[in-house]
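S.K.: Shown below is the structure under consideration.
The values are calculated or read from the model by the stated rules, or taken from the named source; none is laboratory data. It should be emphasised that the depicted structure is a prediction, and the values quoted were computed from it without experimental measurement. Heads up, the Cβs are rebuilt from the backbone with ideal geometry, glycines too, and the neighbour counts pull from every protein chain shown.
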Protein chains: 2
Amino acid sequence: MTTDTDTTLVPFRQTVEQWMRHFQKWLYTTLETTDGSATFQPDYWQHHSGGGGETRVIQNGNILEKGGVNFSAVWGRMDERAAKQLLMPDPNYFATGVSVVQHPRSPRVPISHMNVRYFEAGNGEAWFGGGLDLTPIYVDVKQARWFHEQIAEVCQRHNPTYYQRFKDWADEYFFLTHRQETRGVGGIFFDRLTVGKDGDRDELFAFVQDVGEVYGRTYSELMRRNAELPYGDDEVKWQMIRRSRYAEFNLAIDRGTKFGLETSGRTESILMSLPPRCEWHYNMQPAPGTPEAETQQWLKKGVNWLDNSPTSLD
Amino acid sequence: MTTDTDTTLVPFRQTVEQWMRHFQKWLYTTLETTDGSATFQPDYWQHHSGGGGETRVIQNGNILEKGGVNFSAVWGRMDERAAKQLLMPDPNYFATGVSVVQHPRSPRVPISHMNVRYFEAGNGEAWFGGGLDLTPIYVDVKQARWFHEQIAEVCQRHNPTYYQRFKDWADEYFFLTHRQETRGVGGIFFDRLTVGKDGDRDELFAFVQDVGEVYGRTYSELMRRNAELPYGDDEVKWQMIRRSRYAEFNLAIDRGTKFGLETSGRTESILMSLPPRCEWHYNMQPAPGTPEAETQQWLKKGVNWLDNSPTSLD
């Protein structure tokens, strides 16, 4: 496929891959600066069928206890089962993307996730996917609104239907059926924005670039604003519970994780998304009226986070 | 199905269910006595389509940091997808079983798992399944041999082919493909021992009863022998890593967990198997020559744990 694809796509593929590399570097540099202590250490790896990636992991930072900013560009031929699961129109593929999860030390700083990706199938079809979502240990309503507003504004610049469609999609995707709760306050999720069908390639690419940018900008801001807030043992205990839910989602539900593990992706890069430490207590329910119970109430689909007037964080 | 099944099966079903209830009580009482401190607290629950269960969970015991001994007897009609996944000859089913996982506090005491189960399909087919396996944080070769010998002896009493077949099956089943390692030193695993085809019902039932008994007996012994051994921070750190592998297996791989979560089983009963606390460190590899590296070497398929002469634990 690296040689026999429609040649008009090849330069575009390179453009996207190049941007993904630059975006990775911009993002981990931004997060490092905000963290102010540890740096994202590199690991370079190769994919068995072609290409590879650069995994960047931070551990024991000032704000970030553990996090990753991973770039990959891989190609090859999927086996039948994987191709079928992914609804691939052709088993030959090229895929490039950046994947991010951050687990902060303080329960006052939310866990965050972002992914942008670009796929080409051997039959010439090409599409973008991605998203970002926020998992506060304690929901700060003002910050959740602000986060959604920033995303909505980016979506609005590209397509007036994007925010609501992709916000609903995130509500469905980041949902733990067995807990009947969302992973956090959501964000957006989209897949298979197909070149030609859902927009021309430059339009779709510009949107995905903005999705990456809004993540770096909003999450740095939330890190800065919350990192110095006080907390105690009770808050850490609740953080350990919320983190174990995060692990449940990533290991048992997340399609990206499943796909990576089942197709012999690099395990340590895929599982960098798991929390540095977490706890499972049997049947732990927050007592009514506590801040923990209040947070739990927000973990549902269909919350409208947009107000009539823009939210100020100050 | 509760009314229209071959009536000769109904009394047997009740016999099995009754034994499962008694076995649950015998087992948690045995483990409580060995633990010497906390008790297994009950939760009674009902299944949406019929039946229910008794979940017994211990937390913060003397030896057991967290563990469960769960009984269930449920029936109903599976949806198409679940029936297909389970290769059910008929969507109507009755299932009863006891499921056990123990997470000890000390890294010197292995994690353990045991399950015995009995299924009936609406077309009259009935079968047993089960198994047990041991996950030492540090492999004690003598104890691993002894554990396998005790199981082999039980198998031998029932069928000379059982131990090797079911030991190999456990090696395949309790395997983390994405880590290329077994969950621990294994044990046995078997499924679909079909009444009529693989033995008469009383023979198969007697085997399953002995599987339950050998678990309670051997695991109590391993608790007693290891609970007082000294350990330090390094051993606990390694324990947290091994526990996170256990969580990976149960959430991402174990078919029983998947099936339970996807068919609206009781989440807290299913996920009692998860460790009380665990840690994920990026790309943690034990240094060569350490006890941790030595343990890692044993985490592979095909180890022959049976020696020519019986192992004494003393």
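S.K.: Being polar (S, T, N, Q) and modelled with pLDDT of 95 or more is the filter; apply it to region B:95-139 and report the residue that is farthest from B:GLY67 (Cα to Cα).
M.R.: Once the filter is applied, the top-ranked residue is B:THR96.
S.K.: So, one more: Hey, could you check region A:179-189 for residues that are in contact (Cβ under 8 Å) with a residue 24 or more places away in the chain and not β-branched (Val, Ile, Thr) and say which is surrounded by the most Cβ atoms within 10 Å (Cβ to Cβ)?
M.R.: Among those that are in contact (Cβ under 8 Å) with a residue 24 or more places away in the chain and not β-branched (Val, Ile, Thr), it is A:GLY186.
S.K.: For region B:278-293, give me each residue that is of a type in the set (D, E, K, R) and either more than 9 Å from chain A (Cβ to nearest Cβ) or in contact (Cβ under 8 Å) with a residue 60 or more places away in the chain (or both).
M.R.: B:GLU292
S.K.: Further question: Being among the basic types (Lys, Arg) and touching a helix residue (DSSP H, G or I) at 6+ places or on another chain (Cβ under 7 Å) is the filter here, so list the residues in region B:47-89 that pass it.
M.R.: B:ARG56
S.K.: Quick test of your reading of the structure: A:ASN70 fulfils all but one of (1) surrounded by fewer than 24 Cβ atoms within 10 Å (Cβ to Cβ); (2) out of contact with any Phe, Trp or Tyr (no Cβ under 9 Å at 6 or more places or on another chain); (3) within 14 Å of chain B (Cβ to nearest Cβ); (4) not small (Gly, Ala, Ser). Name the failing condition by number.
M.R.: Tallying (1) surrounded by fewer than 24 Cβ atoms within 10 Å (Cβ to Cβ); (2) out of contact with any Phe, Trp or Tyr (no Cβ under 9 Å at 6 or more places or on another chain); (3) within 14 Å of chain B (Cβ to nearest Cβ); (4) not small (Gly, Ala, Ser), A:ASN70 fails exactly one: (1).
S.K.: Here's a follow-up. Among the residues of region B:247-265, is any under 21 Å from B:ALA144 (Cβ atoms) and not polar (S, T, N, Q)?
M.R.: Among the residues of region B:247-265, at least one is under 21 Å from B:ALA144 (Cβ atoms) and not polar (S, T, N, Q), which makes the answer yes.
S.K.: Out of the helices (runs of 4 or more DSSP H) lying entirely within region B:188-293, which hold 3 or more residues that are within 26 Å of A:GLU65 (Cα to Cα) and under 17 Å from the mean Cα position of the chain (by Cα)?
M.R.: Of the helices (runs of 4 or more DSSP H) lying wholly inside region B:188-293, those with at least 3 residues that are within 26 Å of A:GLU65 (Cα to Cα) and under 17 Å from the mean Cα position of the chain (by Cα) span B:233-248.
S.K.: Moving to a separate point now. Across region A:103-137, what is the number of residues that are farther than 22 Å from A:PHE166 by Cα and of a type outside the set (Ser, Thr, Tyr)?
M.R.: Result for region A:103-137: 11.
S.K.: I've got another one for you. Please go through region A:37-50 and give me each residue that is assigned to a loop (DSSP other than H, G, I, E, B) and either in contact with a Phe, Trp or Tyr (Cβ under 9 Å, 6 or more places away or on another chain) or within 17 Å of A:SER273 (Cβ to Cβ) (or both), ordered by number.
M.R.: Scanning region A:37-50 gives A:THR39, A:PHE40, A:HIS47, A:SER49, A:GLY50.
S.K.: Taking only region B:84-124 into account, find how many residues are closer than 22 Å to B:GLU292 by Cβ and in contact (Cβ under 8 Å) with a residue 60 or more places away in the chain.
M.R.: 11
S.K.: Restricting to region B:265-277, give me the number of residues that are in contact (Cβ under 8 Å) with a residue 24 or more places away in the chain and of a type in the set (S, T, N, Q).
M.R.: 2
S.K.: Looking only at region A:190-199, decide whether some residue is buried (at least 16 other Cβ atoms within 10 Å of the Cβ) and over 26 Å from A:VAL16 (Cα atoms).
M.R.: no
S.K.: For a quick check of your reading of the model, give me the residue pairs whose first member lies in region A:203-232 and is among the charged types (D, E, K, R), whose second is part of a loop (DSSP other than H, G, I, E, B) and surrounded by fewer than 16 Cβ atoms within 10 Å (Cβ to Cβ), with beta-carbon atoms closer than 9 Å and at least 6 apart or on different chains.
M.R.: Between residues of region A:203-232 that are among the charged types (D, E, K, R) and residues that are part of a loop (DSSP other than H, G, I, E, B) and surrounded by fewer than 16 Cβ atoms within 10 Å (Cβ to Cβ), the close pairs are A:GLU221/A:LEU313; A:ARG225/A:LEU313.
S.K.: Which residues, counting only those in region B:18-50, are of a type in the set (D, E, K, R) and away from chain A (no Cβ under 14 Å)?
M.R.: If the condition is that a residue be of a type in the set (D, E, K, R) and away from chain A (no Cβ under 14 Å), then B:ARG21, B:LYS25, B:GLU32, B:ASP35 are the ones that fit.
S.K.: Restricting attention to region B:253-264, and to residues there that are free of Cβ contacts under 8 Å to residues at least 40 places away in the same chain and not β-branched (Val, Ile, Thr), which single residue is farthest from the other protein chains (Cβ to nearest Cβ)?
M.R.: Only one residue tops the list, namely B:ARG255.
S.K.: Of the residues A:TYR162, A:TYR219, A:TYR215, A:TYR173, which is farther than 29 Å from A:SER244 by Cβ and surrounded by 20 or more Cβ atoms within 10 Å (Cβ to Cβ)?
M.R.: A:TYR162
S.K.: Shifting gears a bit: Please go through region A:37-50 and pick out each residue that is within 20 Å of A:THR257 (Cβ to Cβ) and modelled with pLDDT of 95 or more.
M.R.: Once the filter is applied, which keeps residues that are within 20 Å of A:THR257 (Cβ to Cβ) and modelled with pLDDT of 95 or more, region A:37-50 yields A:ASP43, A:TRP45.
S.K.: Which condition from (1) surrounded by fewer than 22 Cβ atoms within 10 Å (Cβ to Cβ); (2) touching a Lys or Arg at 6+ places or on another chain (Cβ under 8 Å); (3) in a strand (DSSP E or B); (4) away from chain A (no Cβ under 12 Å) is the one that B:GLY53 breaks?
M.R.: (1)
S.K.: Here is a follow-up. Is it the case that region B:229-247 has a residue that's more than 9 Å from every other protein chain (Cβ to nearest Cβ), under 18 Å from B:SER99 (Cα atoms) and modelled with pLDDT of 95 or more?
M.R.: For region B:229-247, residues more than 9 Å from every other protein chain (Cβ to nearest Cβ), under 18 Å from B:SER99 (Cα atoms) and modelled with pLDDT of 95 or more: present.
S.K.: Suppose the filter is buried (at least 18 other Cβ atoms within 10 Å of the Cβ), among the basic types (Lys, Arg) and assigned to a strand (DSSP E or B); does A:ARG145 pass it?
M.R.: no
S.K.: Are any residues in region A:263-302 out of contact with any helix residue (DSSP H, G or I) (no Cβ under 7 Å at 6 or more places or on another chain) and acidic (Asp, Glu), and if so, which ones?
M.R.: Answer for region A:263-302, where residues must be out of contact with any helix residue (DSSP H, G or I) (no Cβ under 7 Å at 6 or more places or on another chain) and acidic (Asp, Glu): A:GLU268, A:GLU294.
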